[in-house]
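Notes for the one structure printed next.
The values are calculated or read from the model by the stated rules, or taken from the named source; none is laboratory data. Fair warning: this is a prediction, and the values are worked out from it, not measured in the lab. Every residue, glycine as well, gets a Cβ built from its backbone with ideal geometry; the counts of neighbours run over all protein chains shown. The area values use the complete protein model at the heavy-atom level, side chains included, leaving out ligands, DNA and RNA. Shrake-Rupley method; radii C 1.70, N 1.55, O 1.52, S 1.80 Å.
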Amino acid sequence: MSAAGLLVCSFVPILSIFVLNINGQGNPNPGTVGIHRRFEYKYSFKPPYLAQKDGTVPFWEYGGNAIASSDSVRVAPSLRSQKGAIWTKSSTNFDWWEIEIVFRINGRGRIGADGLAFWYTTEKGDYNGPVFGSSDRWNGLAIFFDSFDNDNKHNNPYIMAVLNDGTKQFDHQNDGTTQLLSGCLRDFRNKPYPTRARIEYYNNVLTVLFHNGMTNNNEDYEMCLRADGVQLPKNGYFGLSAATGGLADDHDVFHFLTTSLHPPSQVPSDVKVPDHDEKLSQEYKEYQEKLEKQKQEYKRDHPDQAKDEEDWEEFYESENQREWRQIWQGQSQIFDQIRELSRKIDEVIGRQENTLSLVSRSMAGAGAVGTVPGQTGPQPSPSVGVGGTISRPEVDILISNQNTLLTTVRELRSLVGDIHARADTILQNQQRAPSGQVQATGYDIQSAIHEMRDGMNQVKQGLSHMSQKLPTPQGQIACPTSNCVGVTLFLSVTVVQLLLIFLYTVFKSRSDAQAKKFY
């Protein structure tokens with residue numbers, strides 16, 4: 001055979017397995033397609049009314065350390081050496097079935113013990129037995145959710161299926177690995193969501209699907225084990241048991257749902273199984289028709305009393321009247337809510353208008369003397385006096401005035417520096433003049449005087465501009481710091497400095513000219 005033939009022969013089985021996995025993804029057991037399924041309530045329990053007021057579970061019996069509540073059955077609590085079990089009261093009357101178990105195993109330790117067990121046996125087991133809380137040497141099927149590693153092979157938590165004919169003793173030392181039918185290594189402790197197991201037995205095929213509890217998708221199952229040719233006894237009992245040892249976990253079971261499976265040949269094709277909702281709707285319709293018929297017969301037999309009843313019927317509203325009344329109440333509530341929202345919006349708008357009016361008054365009072373509507377004559381602007389309060393807008397105005405004053409001072413400082421630089425330029429030009437000559441100072445001095453005059457004009461313009469920006473309240477505002485300098489003093493100092501620089505320049509130029517005469 002050629003290499004291409006070998007490649008094709010090896011690829012065909014792989015392709016067939018891939019196709020089977022794709023087709024069986026939604027239903028791992030293709031043989032169950034088209035079968036009739038029926039929920040068996042006598043072999044199931046689920047919340048919210050799992051246990052009755054007296055603590056009993058309908059159609060079930062439990063014992064040992066098991067505790068039943070309205071939401072769950074705690075088969076074994078998180079205490080050392082605890083055992084418990086719960087069993088159905090009656091045996092099954094169907095051959096094929098599917099069980100869905102929703103449970104949670106939580107514990108404080110990193111390692112748990114001992115585990116949970118599902119049973120299908122010919123006889124109900126003990127409530128305080130040696131095998132996960134139930135009896136040993138059972139006849140039927142046991143699926144163990146083993147959380148403790150007895151053989152120290154680091155292969156736990158582990159899910160395994162074990163068959164027994166009533167003669168074998170469970171091998172605890174090896175965790176039952178010498179007796180198991182099949183199994184898978186899955187972690188089911190301390191999960192964020194409840195873990196799930198779906199156990200299906202149909203046509204002698206045992207399938208176990210497992211949901212690891214890491215997602216809230218109830219259909220997120222994965223294949224754990226599948227075994228063909230499994231022969232289980234008929235008319236068995238379902239049960240759950242759990243046990244703890246030196247380590248302890250809480251073993252809680254929330255749902256135990258049993259569905260019987262029947263081949264299509266066992267259900268007649270002409271018989272339609274009614275849906276639950278359709279059945280209830282049909283029963284309600286029949287009851288209404290029967291009630292109307294009885295009312296008509298009563299009116300026909302008792303005409304006098306029927307008239308009085310018609311008068312009384314006016315006091316009761318019909319379905320249409322009730323519907324219209326509910327619509328009217330809903331519309332009234334909507335109208336009340338809209339009116340309340342409108343009132344709140346008006347309050348917000350009023351507050352905004354009051355705030356804007358206060359801001360505008362403070363701005364007008366800080367900038368200039370304003371007038372109050374309805375009164376004649378100038379009104380004094382609000383000023384900061386002794387014992388008075390200052391508002392936030394007034395503080396902002398003072399800060400802006402201070403910033404303007406600082407900007408003007410910086411401009412004056414740069415102007416003085418420019419004048420000083422130009423004076424230095426004049427001195428340097430005098431020093432670079434040819435020796436033995438007395439330089440005329442007329443042009444340079446005239447240019448310096450013109451520049452000084454321009455600088456003084458710029459200073460005056462800056463001061464006038466600043467005085468226009470600053471507010472002019474009637475009352476004088478005290479200087480915020482002790483280093484405040486008045487405008488008159490500042491101008492006087494500036495003029496004196498300019499005169500000194502000018503005199504120094506003239507004196508320096510003349511001294512240089514006199515010194516050059518001796519050379």
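Which residues, counting only those in segment 90-114, are closer than 21 Å to Glu200 by Cα and either touching a strand residue (DSSP E or B) at 6+ places or on another chain (Cβ under 7 Å) or charged (D, E, K, R) (or both)? Those that are closer than 21 Å to Glu200 by Cα and either touching a strand residue (DSSP E or B) at 6+ places or on another chain (Cβ under 7 Å) or charged (D, E, K, R) (or both): Ser91, Phe94, Asp95, Trp96, Trp97, Glu98, Ile99, Glu100, Ile101, Val102, Phe103, Arg104.
The residues of segment 226-248 that are in contact with a strand residue (DSSP E or B) (Cβ under 9 Å, 6 or more places away or on another chain) and surrounded by fewer than 19 Cβ atoms within 10 Å (Cβ to Cβ), listed by number, are Arg226, Ala227, Asp228, Gly229, Val230, Gln231, Leu232, Pro233. Among the residues of segment 74-91, those that are open to solvent by less than 50 Å² (accessible area, probe 1.4 Å) and not in a loop (DSSP other than H, G, I, E, B) comprise Val75, Ala76, Gly84, Ala85, Ile86, Trp87, Thr88. Taken over segment 154-174, the residue count meeting the criterion of being open to solvent by less than 60 Å² (accessible area, probe 1.4 Å) and either among the β-branched types (Val, Ile, Thr) or within 20 Å of Gly140 (Cβ to Cβ) (or both) is 9.
Restricting attention to segment 249-272, the residues being in a loop (DSSP other than H, G, I, E, B), at pLDDT below 90 and surrounded by 10 or more Cβ atoms within 10 Å (Cβ to Cβ) number 2. Looking only at segment 395-415, decide whether some residue is modelled with pLDDT under 70 and either closer than 19 Å to Val506 by Cα or among the small types (Gly, Ala, Ser) (or both). No. If you take the residues of segment 92-111 that are assigned to a strand (DSSP E or B) and not hydrophobic (A, V, I, L, M, F, W, C), which of them is farthest from Met214 (Cα to Cα)? Per the stated criteria, the residue is Glu98. If you go through segment 62-74 one residue at a time, how many are within 12 Å of Phe45 (Cβ to Cβ) and in contact (Cβ under 8 Å) with a residue 40 or more places away in the chain? Number satisfying all stated conditions: 4. For a quick check of your reading of the model, give me the residue pairs whose first member lies in segment 112-133 and is assigned to a strand (DSSP E or B), whose second is among the acidic types (Asp, Glu), with beta-carbon atoms closer than 8 Å and at least 6 apart or on different chains. These pairs meet every condition: Gly115/Asp146; Gly129/Asp136. Screening segment 157-243 for strands (runs of 3 or more DSSP E) wholly inside it with 1 or more residues that are charged (D, E, K, R) returns the ranges 158-165, 195-202, 222-228. Scanning segment 34-73 for residues that are outside any loop (DSSP other than H, G, I, E, B) and surrounded by 19 or more Cβ atoms within 10 Å (Cβ to Cβ) gives Tyr43, Phe45, Trp60, Tyr62, Gly64, Ala68, Val73.
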